[in-house]
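Visitor: Here's a structure for you.
The values are calculated or read from the model by the stated rules, or taken from the named source; none is laboratory data. Quick caveat: nothing in here was measured; it's all calculated off a predicted structure. As a convention, Cβ positions derive from the backbone with ideal geometry for all residues, glycine included, and neighbour counts pool all protein chains shown. Keep in mind that these areas ignore ligands, DNA and RNA; they rest on the heavy atoms of the full protein, side chains included. Shrake-Rupley method; radii C 1.70, N 1.55, O 1.52, S 1.80 Å.
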Amino acid sequence: MEPYFKTEQLAVGYDGRVLIHDIDIRLEKGKILTLIGPNGGGKSTILKSITRHLQTISGRVFFGEQDLRQWQPKELAKQVAVVLTDRVRPELTTCAEVVAMGRYPYTNLFGRLTPGDKAAVQEALERVHALDLAQRDFASLSDGQRQRILLARALCQEPETIVLDEPTAYLDIRYKIELLEILREMAQEKGITVILSLHEIDLAAKVSDYLLCVKGETVAALGTPEQVLGGGAVEKLYGMEQSSYNRLFGSVELAKPVGAPRVFVVAGGGRGIPVYRSLQKQGTPFAAGILYENDVDYQVAQALSDNVVSAPAFWPMTDQQFRLAAKLLLSCASVIDAGTPVGEFNRKNAQLLQLAREKGIPLTKCNP
C-alpha cells in the first residue's frame, strides 16, 4: 500500500539549529503512528514541524502526493487537524462554539455556519460522547472533558490526518482509554491517519500500528510495537539502568533487590506476582521456582530476581530442576507458599515445600 504521509530526510529544530535529522517515515492511511521517548527528546518538535507550526530545517514532508510547503492554509486545514498540548482557554464560549471553530476551512468570508456545518458539529460531539456538553461553558470543563471537545473540533475539520501532542496529558486513566479508543475508531472506520505522542508506553503499544522512538539526534527506532519494544529497547530509550520493561505485560518493573536471596517463593499461575512485588517493595532479595517459562509468574520473577529456577512449558519438572531449586531454598531464611495448586506436572514444587518442613525452615502460606 502506498504511504499517505511520508517524510524524506527531514531535519527539525529551532532557530536554524538541527535537533533531530534523517527522519524518514512512511505511513499508510488509517494507521496510527505514536512517538515515544524521554522528555525533551524532540517529539513535540517533530509534530510541530510536520504541521507547519515550526519551519523545517531541511528535507520534505508529504500529505498525499503534495509537499507540505505547497499547501495553502485553508486547504491544509482540510487535510490536517492539530491538537497541541497548549491549553486553550476561550472566554465565554460554549463547547459547541469551540467545536464549530473546526469548520473554518469550509465557511464563507462571514464565517456563517450552514445547516451542513451545524450537522458536522453535532456529529463530532456525538463521536466523542460529548453531546451533553454542547451548551456548557468550555472554561468550566474538566481536563478530560476539554480534551474530548478539542478532539471533536479536530474531527469537525473532516481531516485526512489528525496530529496530537500528548493528548492524554492531564487525563485520568478512564479518559486516557476513552480518548485512545475514539482515535482507534476514527482510524478504522473513517480511514483517518493519526500521528501522536504519548508518555504511556503500555497504551502506545496497545493503540498504535507503528512506534517511532525519539532520542538523540536521530530516530532511535521505527516499526511495529512488536519490532520496537523488545530486546531492552525501552530501557535504552529512557536510560533505565535498574528498572525493566516487560513487553508482554506492557509494564515497568522497579529495580531488583540487591544481595543473596533471603526468601524462597514457591508459586505459579499468577499467584506469585503479588508476593514478588511485596518483597521488592521491602527490599528483600528472593529466589523463585520452579516456574514454567510460559507462566505469568515467570515474567515478573525474572524481572525482580536473579535467582529463578525455570522449566520448559508443557513438560513435567525434572530432578535436576528440583536440585537447583532445593539448593536455593536451603540457603534462604524462610519460604513462602503462594498457594498454587499442585498437579501432575508441578509435583516437584510440593516436594520443595515438604523439604522446607523437614528442615525446619519457616514456611508461610498465602491465602489463595
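Visitor: Taking only pairs six or more apart or across chains, which ones have beta-carbon atoms under 6 Å, a first residue in the range 73-88 that is closer than 21 Å to K190 by Cα, and a second residue that is of a type in the set (G, A, S) and modelled with pLDDT of 85 or more?
Guide: Close Cβ pairs satisfying both conditions: A81/A154; V83/A154.
Visitor: Ok, one more. Being more than 28 Å from the chain's Cα centre (by Cα), open to solvent by 60 Å² or more (accessible area, probe 1.4 Å) and in contact (Cβ under 8 Å) with a residue 40 or more places away in the chain is the requirement here; does E91 meet it?
Guide: Yes, satisfied.
Visitor: Further question: Hey, among the residues in the range 342-368 that are without any contact (Cβ under 8 Å) to a residue 12 or more places away in the chain and assigned to a helix (DSSP H, G or I), which one's surrounded by the fewest Cβ atoms within 10 Å (Cβ to Cβ)?
Guide: If we take residues in the range 342-368 being without any contact (Cβ under 8 Å) to a residue 12 or more places away in the chain and assigned to a helix (DSSP H, G or I), then E358 is surrounded by the fewest Cβ atoms within 10 Å (Cβ to Cβ).
Visitor: Right, next: Yes or no: the range 5-15 includes at least one residue that is part of a loop (DSSP other than H, G, I, E, B) and touching a residue at least 12 places away in the same chain (Cβ under 8 Å).
Guide: no
Visitor: Sort out which residues of the range 148-169 are in contact with a Phe, Trp or Tyr (Cβ under 8 Å, 6 or more places away or on another chain) and more than 22 Å from K31 (Cβ to Cβ), and write them in order of number.
Guide: R148, I149
Visitor: Mind listing just one residue for me: the one in the range 191-224 that is open to solvent by 10 Å² or more (accessible area, probe 1.4 Å) and free of Cβ contacts under 8 Å to residues at least 24 places away in the same chain and, of those, nearest to E158 (Cα to Cα)?
Guide: Taking the candidates together, the pick is T224.
Visitor: Taking the conditions exactly as written (modelled with pLDDT of 90 or more and either among the aliphatic types (A, V, I, L, M) or closer than 21 Å to R26 by Cβ (or both)), does T193 satisfy them or not?
Guide: Taking the combined requirement at face value, the residue satisfies it.
Visitor: Another one. Taking strands (runs of 3 or more DSSP E) that do not extend beyond the range 244-309, which have at least 3 residues that are at pLDDT 95 or above?
Guide: 263-266, 286-292
Visitor: Additional query: Is it the case that some residue within the range 8-16 is open to solvent by 10 Å² or more (accessible area, probe 1.4 Å) and closer than 23 Å to R184 by Cα?
Guide: No: zero hits.
Visitor: Is it true that L164 is without any contact (Cβ under 8 Å) to a residue 12 or more places away in the chain and of a type in the set (A, V, I, L, M)?
Guide: no
Visitor: Checking D67 against (1) without any contact (Cβ under 8 Å) to a residue 40 or more places away in the chain; (2) open to solvent by 40 Å² or more (accessible area, probe 1.4 Å), which single condition isn't satisfied?
Guide: The one condition D67 does not meet is (2).
Visitor: Same structure again: Identify, please: which residue in the range 323-341 is open to solvent by 20 Å² or more (accessible area, probe 1.4 Å) and closer than 20 Å to V296 by Cα and is, among those, modelled with the highest pLDDT?
Guide: Per the stated criteria, the residue is I336.
Visitor: While we're on this one: Pairs, please: C-beta under 9 Å, at least 6 apart or cross-chain, first residue open to solvent by 10 Å² or more (accessible area, probe 1.4 Å) and in the range 21-34, second of a type in the set (G, A, S) and part of a strand (DSSP E or B)?
Guide: What qualifies is H21/A11; H21/G13; H21/S58; H21/G59; D22/A11; D22/G59; D24/G59.
Visitor: Also, quick follow-up: Name the residues in the range 128-155 that are polar (S, T, N, Q) and assigned to a helix (DSSP H, G or I), would you?
Guide: S140, Q145, Q147
Visitor: Test of understanding: among Y175, Y170, which residue is of a type in the set (F, W, Y), open to solvent by 10 Å² or more (accessible area, probe 1.4 Å) and assigned to a loop (DSSP other than H, G, I, E, B)?
Guide: On inspection, the qualifying residue turns out to be Y170.
Visitor: While we're here: Which of (1) assigned to a loop (DSSP other than H, G, I, E, B); (2) touching a strand residue (DSSP E or B) at 6+ places or on another chain (Cβ under 7 Å) does E158 not meet, given it meets every other one?
Guide: The single condition E158 does not satisfy is (2).
Visitor: I'd like to verify a number: residues in the range 300-315 that are closer than 14 Å to G268 by Cα and surrounded by fewer than 19 Cβ atoms within 10 Å (Cβ to Cβ), how many?
Guide: Total meeting the criteria: 3.
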